[in-house]
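The values are calculated or read from the model by the stated rules, or taken from the named source; none is laboratory data. Bear in mind that the values here come from a model prediction, so they are computed numbers and not experimental data. A quick note on method: Cβ atoms are made from the backbone with ideal geometry, for glycine too, and the neighbour counts reach across all protein chains shown.
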Amino acid sequence: MTPSHRTAPRDRAEATAGRTARSPTAATQRRSTQEIRERHALPRSKAPGFSAGGQSRTFHLLLPPDSFTGPRPLLFAFHGTTETGPKFIARAKLADFAAKGFIVVAPDAAGNGTFWPVWDAMRAPGTESAPNADVELFDRLLSCTAAHYAVDKNRVFATGHSAGGIFTNRLLRSRSKILAGGIVGSGVFDFTASDAKGPLDPMLVVVTWGGDNDTYRGTTPNGVSVPAFSFVEQASLASKFYAAEANIAHARCRGDNLGHAWLPLNDWFIDLLLSRPKGTPVSSLSLPSLPAGSKAACSAAPYELAPLPAMTCAPTTRAGCMESCQLFADCAVENRTVGPSLQAELSKVGFTQTSCAGCVQRCQAGATTQADAAALACFATKQNAATCGPGIEGATPLFQAINECCKGRSGSNLCVDLCTTLNGNSVAKAFFPTCQQIVP
């Protein structure tokens, strides 16, 4: 790992490790920030031959001004879906962190994700312990950085936004023994668990999102298109999870309807991270006041989100139609994460925001074959046993029902209709493998 723009020899770093870090004055701080932006606008520490998890990888590095001495805090920064490390550095103004003494490492994704093809952050239950090239990249970059620079091992943090926020959740839940904390920016929480059991080790975790309008629409580099994905419910799930962990000092910051954005609170973030080295007691957390005019609100209380109104489907003369539509209503229409993502598909199968009458009518008229009767009986059994909840994981009973009840039933009008519709959503396809078998 040899940065192309500046190298700090290990012996010099060690020689200064025992001296007190000198903090620049405000005027010097402003010059330092501008200097870092000018010198490292596109920081490229590509390190040819750097590999992790059997892949050749690239990363980008920002170093603090020479006025800082001694071991430095380290921030890993993970970019979003259509970005690279340098683009995220620029968008989130991460030079602010370097100007205040942080070493910033921003890797580039290699498209390793399965549910979301950026970082390998979300895993299906039971696959959490499988090799993860992106987690290995973090491990190797941490060792590599510490081998070349004096790193404060008690102030190693992770952050990211959007797809990078998802991976930050993954790291916080799998590397809590190493990390002092992190900032999760608009990141999915579902399916980011690790195979580690027991409570997380002490950390500071800040969950952020842009506000009620924090919705992503776009297309990944490999062509997966997202019509709409809301991060509000995911922020609530993350906030409540971390707040309930005994060893986690939790804070959450909600933007003032800033959309799918990194919150412009860098100075506040920096001061908070620096005040919380590894091992700081949870009980000592006291959030500093936000700067005047900040377009956000922060709190240490978990973010509670009221459930959407319940929808009840009317009884039908065709057995199973009510139950199949009710399962969709409970697990998808009433779900703040899945509902917006499947809005077009739910509309096609007969749902509105307030009624499932169209779904019931469509099932009554179309589910006329013997294969339909078998599929509907399966859906009725699944619906009676289902417990739906918030988030993507809360919609799992619906995913399982479609995959099991439609498996091998290409003669079912209901299943062909559902699968044809769901296959039109490139994100949803990953959750319905059966649909790609009966409607290739």
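Computed values, structure above
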| item | result |
| --- | --- |
| Hits in region 340-370 - residues which are touching a Lys or Arg at 6+ places or on another chain (Cβ under 7 Å) and either of a type in the set (Lys, Arg) or buried (at least 19 other Cβ atoms within 10 Å of the Cβ) (or both) | VAL349, CYS363, ALA367 |
| Yes/no for ARG362 being closer than 21 Å to GLN400 by Cα, in contact (Cβ under 8 Å) with a residue 40 or more places away in the chain and assigned by TED's automatic domain parsing to the domain that holds GLY389 | no |
| Residue check for ALA150: in contact with an Asp or Glu (Cβ under 7 Å, 6 or more places away or on another chain), hydrophobic (A, V, I, L, M, F, W, C) and over 22 Å from PHE189 (Cβ atoms) | yes |
| Single match in ALA109, ALA146 (criterion: in contact with a His (Cβ under 9 Å, 6 or more places away or on another chain) and either at pLDDT 95 or above or part of a loop (DSSP other than H, G, I, E, B) (or both)) | ALA109 |
| Flag for THR114 being touching a residue at least 12 places away in the same chain (Cβ under 8 Å), among the polar types (S, T, N, Q) and within 21 Å of PRO64 (Cα to Cα) | no |
| Criterion: surrounded by 24 or more Cβ atoms within 10 Å (Cβ to Cβ) and either outside the structural domain of SER56 (by TED's automatic domain parsing) or within 24 Å of GLY218 (Cβ to Cβ) (or both) - qualifying residue of PHE167, PHE157 | PHE167 |
| Some residue of region 329-339 being in a loop (DSSP other than H, G, I, E, B), surrounded by fewer than 18 Cβ atoms within 10 Å (Cβ to Cβ) and of a type in the set (Ser, Thr, Tyr) | no |
| Filtered residues of region 325-342 (kept if modelled with pLDDT of 95 or more and either hydroxyl-bearing (Ser, Thr, Tyr) or out of contact with any helix residue (DSSP H, G or I) (no Cβ under 7 Å at 6 or more places or on another chain) (or both)) | ALA329, ASP330, GLU334, THR337 |
| Tally, over region 274-318, of residues that are within 20 Å of TYR242 (Cβ to Cβ) and among the hydroxyl-bearing types (Ser, Thr, Tyr) | 7 |
| Residue within region 375-385 that is within 29 Å of the chain's Cα centre (by Cα) and either under 21 Å from LEU237 (Cα atoms) or not assigned by TED's automatic domain parsing to the domain that holds SER230 (or both) present | no |
| Residue in region 303-313 that is touching a Gly at 6+ places or on another chain (Cβ under 7 Å) and within 28 Å of GLY389 (Cβ to Cβ) present | no |
| Whichever residue in region 369-424 is touching an Asp or Glu at 6+ places or on another chain (Cβ under 9 Å) and of a type in the set (Lys, Arg) and, among such residues, is nearest to ALA124 (Cα to Cα) | LYS382 |
| Only listed residue being in contact with a Gly (Cβ under 6 Å, 6 or more places away or on another chain), touching a residue at least 40 places away in the same chain (Cβ under 8 Å) and closer than 25 Å to ALA430 by Cα, chosen from LEU327, LEU342, LEU376 | LEU376 |
| Close pairs from region 252-267: first among the aromatic types (Phe, Trp, Tyr), partner not in a strand (DSSP E or B), Cβ under 7 Å, at least 6 apart | TRP262/ARG91; TRP262/ALA92 |
